[in-house]
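Okay, structure first, notes after.
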Amino acid sequence: MARINTNVPAIVAQTHLQRSQYSLQDSLERLSSGLRINRGADDPAGLIVSENLRSEISGVGQAVDNSMRASNVIATTEGALNEIAVLLSDIQELVVEAANSGALSDDEIRANQLQIDSAIDSITRIANTTTFAGRQLLNGSLDYILSGVDSSQLASVQVHQAQFGTNTYIPVDIEVTQSAQHGELRFLTSQIDNSITIEVAGNEGVATLSFLSNTTASAIMAAVNIVADSTGVTAELWSAANPNSGIVFRSNGFGSDQWVSVTALPGSGSFTVTDPDSRSVTRDWGQDAAASINGAQSIGRGLDLTLNTTTLDMVISLDPSVGTGRWTSPWSAGGRCSSWARRSTPTSRSASACRRWPLRGWATPTSGSSRRFRPAGSTR
């Protein structure tokens, strides 16, 4: 009896059928998934590229979602601030109206005060209740917390933005190279010899003052201070212990946009004033503070120093007594306890605290309020 042990055509047909089935399965898988590469066997190098692209697309998509959420936070905050702005405008209107005391009765003024109190309560309520996803937005809980600020050197410190990254603190190195100054003129004579009329001018306005011969410097000082609100210029004795030392005219504010002018009008006697460099002038301008913060030059306006970098955005207001000096202060985050030594010439002392963003440092004290400070390292 004949037996067929091998059917070559059948085996070949079976092999082609299996290949067709595999190809059909791959095609159906790609059609159903929409992807050309579904596993490493399809295209190992292509799979690596596609996974990287998929990861980047996922990250960009989440970044877009984060931006949309941030926009929602800003929109919520903006809506609350708009309401507060309207209330503040109403308060200003009521205050101006109440100032017209000659045309308003006491009852009307009291009614305006009640409206103002109600507006203030509304502002407080809006600040305390404006939230997004349970987070308070306007009650001050998102502000930076500073500790250890030496109020004798820094009048105020405002941190608008800080990028800590993976660091627990941002070291801040401040070097004041130029102190802020008033506009200043000096009349270093005990009295005037002739009758004169002088014009005193400043940022706020001009006043004309007349004095008889033999009027003392202290009497001139008193007359200038009476009209200080109108002129923006004040006067004080050159030496508080000596009324005959003369007087100093100063602008009320600090900075290069502050000035003082003292001029004897034509036809009157001589009234000679000098600037801090002993030059005979009739007008002097103030000087802006200058400092480098973390090696970057800050923008000075009067006593205010502004720094705006990718790492730190802050405004520092110097105390008027600060001269040229240097101090260091790191802000740290995390709420852990820190201790430091805060040095103040000529003694040193230590302190410790457990707060976020502790501040530490040292400063050079002023060497006199009547001296114009020069950049560090210069000669007098």
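Six or more apart or on different chains, Cβ atoms under 9 Å: show the pairs whose first residue is in region 181-199 and over 15 Å from ALA219 (Cα atoms) and whose second is surrounded by 22 or more Cβ atoms within 10 Å (Cβ to Cβ) and modelled with pLDDT under 90.
Pairs found: GLN181/PHE373.
Go through region 107-131 and report how many residues are exposed (fewer than 15 other Cβ atoms within 10 Å of the Cβ) and under 26 Å from ASN72 (Cβ atoms).
5
Determine whether region 95-110 contains at least one residue that is under 30 Å from LEU138 (Cβ atoms), outside any helix (DSSP H, G or I), among the small types (Gly, Ala, Ser) and in the same structural domain as PHE132 (by TED's automatic domain parsing).
yes
Do we find a residue being outside the structural domain of THR306 (by TED's automatic domain parsing) and more than 25 Å from SER321 (Cα to Cα) anywhere in region 241-250?
Among the residues of region 241-250, at least one is outside the structural domain of THR306 (by TED's automatic domain parsing) and more than 25 Å from SER321 (Cα to Cα), which makes the answer yes.
Does region 291-304 include one or more residues that are in contact (Cβ under 8 Å) with a residue 12 or more places away in the chain, among the acidic types (Asp, Glu) and in the same structural domain as ILE192 (by TED's automatic domain parsing)?
Among the residues of region 291-304, not one is in contact (Cβ under 8 Å) with a residue 12 or more places away in the chain, among the acidic types (Asp, Glu) and in the same structural domain as ILE192 (by TED's automatic domain parsing), which makes the answer no.
Of the residues VAL49, VAL64, only one is more than 30 Å from PHE132 (Cβ to Cβ) and modelled with pLDDT of 85 or more; which?
When all the criteria are applied, what remains is VAL49.
Look through region 184-220, keep the residues that are within 40 Å of the chain's Cα centre (by Cα) and among the small types (Gly, Ala, Ser), and return whichever of them is surrounded by the most Cβ atoms within 10 Å (Cβ to Cβ).
Among those that are within 40 Å of the chain's Cα centre (by Cα) and among the small types (Gly, Ala, Ser), it is GLY202.
The values are calculated or read from the model by the stated rules, or taken from the named source; none is laboratory data. Bear in mind the structure is a predicted one, so any value in this text is a computation, not a measurement. Positions of Cβ are generated from backbone atoms using ideal geometry, with glycine treated the same way; all protein chains shown enter the neighbour counts.
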